[in-house]
Amino acid sequence: MAGHIIAVVGGKGGVGKSVFAANLAISHLQEFKQRPLIVDLDLSSLGDQNIILGQSPQKNIVDVSKMPPGPIDPKSLSPYMVNASAGYSYIGAPKDAIVARDIDLDGIGRFLKAITQVFSLIVVDCGNGTDPAALKTFEAATVIIVVTTADVIVINQTKRILGKIQELLFPPEMVQIVINRYSQANIINPQIIQKNLGRPIYAAVPEDMATCEASLAKSTPLCIGAAGSPIARAYHDIVRKMQQTNLLETLSKLNKPSGVVAKAQAGLSAGVTGVSTDGGVNASSKNGVGTLDSWTAMKLRIHKALVEQMDLKKMNTDTNDSKQRAVLRERTQKAVLDVLGKEDTSALLNTRELKAQMLKEVLDEALGLGPLEDLLADDTVTEIMVNARDQIYIEKSGKPQLSKVNFSSENQMMNVIERIVTPLGRRVDEKIPYVDARLQDGSRVHVIIPPLALRGPTITIRKFPKKRIEYKDLIQFGSITEEIADFLRCCVEAKLNIVVSGGTGSGKTTLLNVLSNFIPSTERIITVEDSAELQLGQEHVVRLETRPKNIEGEGEVSIRDLIKCCLRMRPDRIVVGECRGGEALDMLSAMNTGHSGSLTTLHANNPRECLARLETLVMMAGLGLSPKAIRENIASAVGVIIQQSRLSDGARKVTYITEVVGMQGEVVSLQDIFVFKQEGMDKKRKVVGRFVPTGFIPKFVEDMEAKGMKISRSLFASK
């Protein structure tokens, strides 16, 4: 009688599916005295089963996949597997990512079909269950066991895997759900999990971290090392339940789909990716499943050799000392050249330019931000948008375009992300899958990773110019005119409270920076930001930056907290990078209580919407103020609203300068002072327009003149 294959997949990394697979097989051995075969086909963990079982096989599943066609018996398999004294057999996974990508899928199919004639039970650790090798196993398997835990993120990922299995037309009965590490103290109980997954729960393995950790430390499966423990008994209950319900025999009669891997590669199963290994092999690359272009493959080999030769993790690669960076780069360059000298590069690196390019790319990945280094060095690039590892958009002259560079793997992307956030004391992982950070030059970075980002890690970098932008640059760009710049300088020097309003990417922060530099150097300035971006030329500046929650969910310091702090620091000016919530109330309170001349930014499309948005943000403070009281507060606090807009041709311009006049009834009264009037498009599709005064003279002009400022009334004359 043919044996049965049990494919074990994890709803998400870290759920314990490898430990489950090993102990399930061993409990079967102990219950029925039949030698099982354990196969490690998890090509992303690359050898976890070796640690769990305490084995170190010389050959691996890739070698098995390349066995010549023909009958398979224990004698022919002997060189490829370990026959453990405990009574089980084992075939391991490769320890090298480069080796893993050479797996022969057809060979795996032949092996799985033949092995059921040798062993009565084969348990295959299939990783996350979405790579081609796992799908090949599903075709031959009797049952697919999906291991999950009572965790919201894990359950969400488990739903995705179940959806993929369903899309590939595997019978629903073939899939069984097992809850691992279950405790009655869990808020999420089996009924909730069952309701969310839409599938019955087959079994649950209790939580026993002490026993599991002790077993892993000894490299002994817990069903052997702690045979009498409750968790070991749970595994025995599962195999007995399979026997009593005749599960495997029943499921073996189901009709299963064939050609699943081809369907997935053809895109019939959305989201099924290729082999993703720790070494950066992504089998769903443009070159096809399981293949890499020779350039990337060589780069990965060089990088692996470099890591072995130089332990970069123990070196301070994020040092701010330019001399230390230069010494480190020189040492690393020498090591790369040594590695290149041992490689056969005659076919691929046959020119000096190609060798130099390979050297640069390896150094950028080892010490810098990989393929982003060239984009960051290009002054014409203002924004970098990494949608996926092989799709990087850039913004030039206000227009997005697809760049020619890409990452070789998602693992490389995660290394770059870690290099960005670690020096700032930030973190990004499955518990906190997004983060705001900044580069050394002040460029703003936003990162979001799976499970929130479905296509893989996403990076967005708003580049900060190497040269601080001044008002003269804005005049040259056509964002403002000389007369408007002088007027804004007077507004800042006269200590008017100013709100810069605009949409995402419209240039609010840049304009705020320019306005901040109009503040006299004799005044004490305190800036409050989520990610410190402002570059002020004055010396008497205190810069404050928020802090996110730590791993225990504590220690968060918000913008509200920092605004309250800075009020006790004797500020002459308070500059808040952006108001997004209840801090708007604290900002208005500061403006109204002796801290005039404060500056901030806000997301809105025009000055009137800016007031409505400001009112909404104040309500978010939760003090229950009436709308009229909020509007009165806004009317008395805010002096000028500057609307910054990004036009259809990508140009950023100041489109409104508006005075907040006061209250008329229950409505805040506004009066435009200057507006940008668009008059059409030129032959190059550039916006043609001009800045025009409305003829209204602001009420605060008299106060300016009383302070000795000279404001020409002709500046406001309508034209």
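Which of the numbered conditions does VAL143 fail, given that it passes all the others? Conditions: (1) of a type in the set (Val, Ile, Thr); (2) touching a residue at least 60 places away in the same chain (Cβ under 8 Å); (3) open to solvent by 10 Å² or more (accessible area, probe 1.4 Å).
For VAL143, the exception is condition (3).
Does the stretch 321-337 contain at least one residue that is surrounded by fewer than 12 Cβ atoms within 10 Å (Cβ to Cβ), in a helix (DSSP H, G or I), on the phi < 0 side of the Ramachandran plot and at pLDDT below 70?
Yes, the stretch 321-337 contains a residue that is surrounded by fewer than 12 Cβ atoms within 10 Å (Cβ to Cβ), in a helix (DSSP H, G or I), on the phi < 0 side of the Ramachandran plot and at pLDDT below 70.
Please determine, by comparing only the residues of the stretch 453-466 that are surrounded by fewer than 20 Cβ atoms within 10 Å (Cβ to Cβ) and in contact with a strand residue (DSSP E or B) (Cβ under 6 Å, 6 or more places away or on another chain), which one is modelled with the lowest pLDDT.
The qualifying residue modelled with the lowest pLDDT is ARG455.
Each row is one residue, and each column tells you yes or no for (1) in a helix (DSSP H, G or I); (2) at pLDDT 90 or above; (3) within 38 Å of the chain's Cα centre (by Cα).
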site	(1), (2), (3)
LEU617	yes, yes, yes
GLN643	no, yes, yes
TYR656	no, yes, yes
ILE711	no, no, no
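Picking from SER76, SER85, SER65, SER27, which residue would you name as being over 24 Å from VAL146 (Cβ atoms) and open to solvent by less than 10 Å² (accessible area, probe 1.4 Å)?
Result: SER65 is the single residue among SER76, SER85, SER65, SER27 that is over 24 Å from VAL146 (Cβ atoms) and open to solvent by less than 10 Å² (accessible area, probe 1.4 Å).
Do you know which residues across the stretch 431-452 are free of Cβ contacts under 8 Å to residues at least 40 places away in the same chain and either more than 19 Å from LEU534 (Cα to Cα) or buried (at least 17 other Cβ atoms within 10 Å of the Cβ) (or both)?
Within the stretch 431-452, PRO433, TYR434, VAL447, ILE448, ILE449, PRO450, LEU452 qualify.
Please specify each residue of the stretch 378-430 satisfying the condition of being farther than 24 Å from ALA97 by Cα, touching a residue at least 24 places away in the same chain (Cβ under 8 Å), open to solvent by 50 Å² or more (accessible area, probe 1.4 Å) and assigned to a loop (DSSP other than H, G, I, E, B).
ASP379, SER397, GLY425, ARG427
Go over the candidates GLN671, GLN643 one by one and state the one that is touching a strand residue (DSSP E or B) at 6+ places or on another chain (Cβ under 7 Å), open to solvent by 40 Å² or more (accessible area, probe 1.4 Å) and either closer than 25 Å to ARG713 by Cα or charged (D, E, K, R) (or both).
After applying the criteria, what remains is GLN671.
If you go through the stretch 190-200, how many residues are at pLDDT below 90, open to solvent by 50 Å² or more (accessible area, probe 1.4 Å) and in a loop (DSSP other than H, G, I, E, B)?
Residues meeting the conditions: 1.
In the stretch 620-634, which residue that is buried (at least 16 other Cβ atoms within 10 Å of the Cβ) and within 19 Å of VAL576 (Cα to Cα) is farthest from the chain's Cα centre (by Cα)?
For the stretch 620-634, the residue satisfying everything is ASN633.
Do any residues in the stretch 606-628 that are over 15 Å from ILE642 (Cβ atoms) have Cβ atoms under 7 Å from those of residues that are hydrophobic (A, V, I, L, M, F, W, C) and open to solvent by 60 Å² or more (accessible area, probe 1.4 Å), where the two are at least six apart or on different chains, and which pairs are they?
These pairs meet every condition: VAL618/LEU625.
So which residues in the stretch 569-586 are more than 11 Å from LEU617 (Cα to Cα) and either crowded, with 18+ Cβ neighbours inside 10 Å or acidic (Asp, Glu) (or both)?
Those that are more than 11 Å from LEU617 (Cα to Cα) and either crowded, with 18+ Cβ neighbours inside 10 Å or acidic (Asp, Glu) (or both): PRO571, ASP572, ARG573, ILE574, VAL575, VAL576, GLY577, GLU578.
Those residues that are basic (Lys, Arg) and farther than 18 Å from ARG646 by Cα, I need them from the stretch 657-713; list them, please.
LYS683, LYS699, LYS707, LYS710, ARG713
Among residues belonging to the stretch 98-120 that are open to solvent by less than 10 Å² (accessible area, probe 1.4 Å) and within 40 Å of the chain's Cα centre (by Cα), point out the one that is nearest to LYS66 (Cα to Cα).
Checked the stretch 98-120; the qualifying residue nearest to LYS66 (Cα to Cα) is GLY107.
Taking the options LEU375, LEU363, name whichever one is touching a residue at least 24 places away in the same chain (Cβ under 8 Å), assigned to a helix (DSSP H, G or I), within 30 Å of LEU544 (Cα to Cα) and touching a Ser or Thr at 6+ places or on another chain (Cβ under 9 Å).
Among LEU375, LEU363, only LEU375 is touching a residue at least 24 places away in the same chain (Cβ under 8 Å), assigned to a helix (DSSP H, G or I), within 30 Å of LEU544 (Cα to Cα) and touching a Ser or Thr at 6+ places or on another chain (Cβ under 9 Å).
The values are calculated or read from the model by the stated rules, or taken from the named source; none is laboratory data. Because the structure is a prediction, the values reported are computed rather than measured. Neighbour counts run over all protein chains shown; Cβ positions are idealised from the backbone, glycine included. Note: accessible area is taken over every heavy atom of the protein model, side chains too, but ligands, DNA and RNA are not part of it. Shrake-Rupley method; radii C 1.70, N 1.55, O 1.52, S 1.80 Å.
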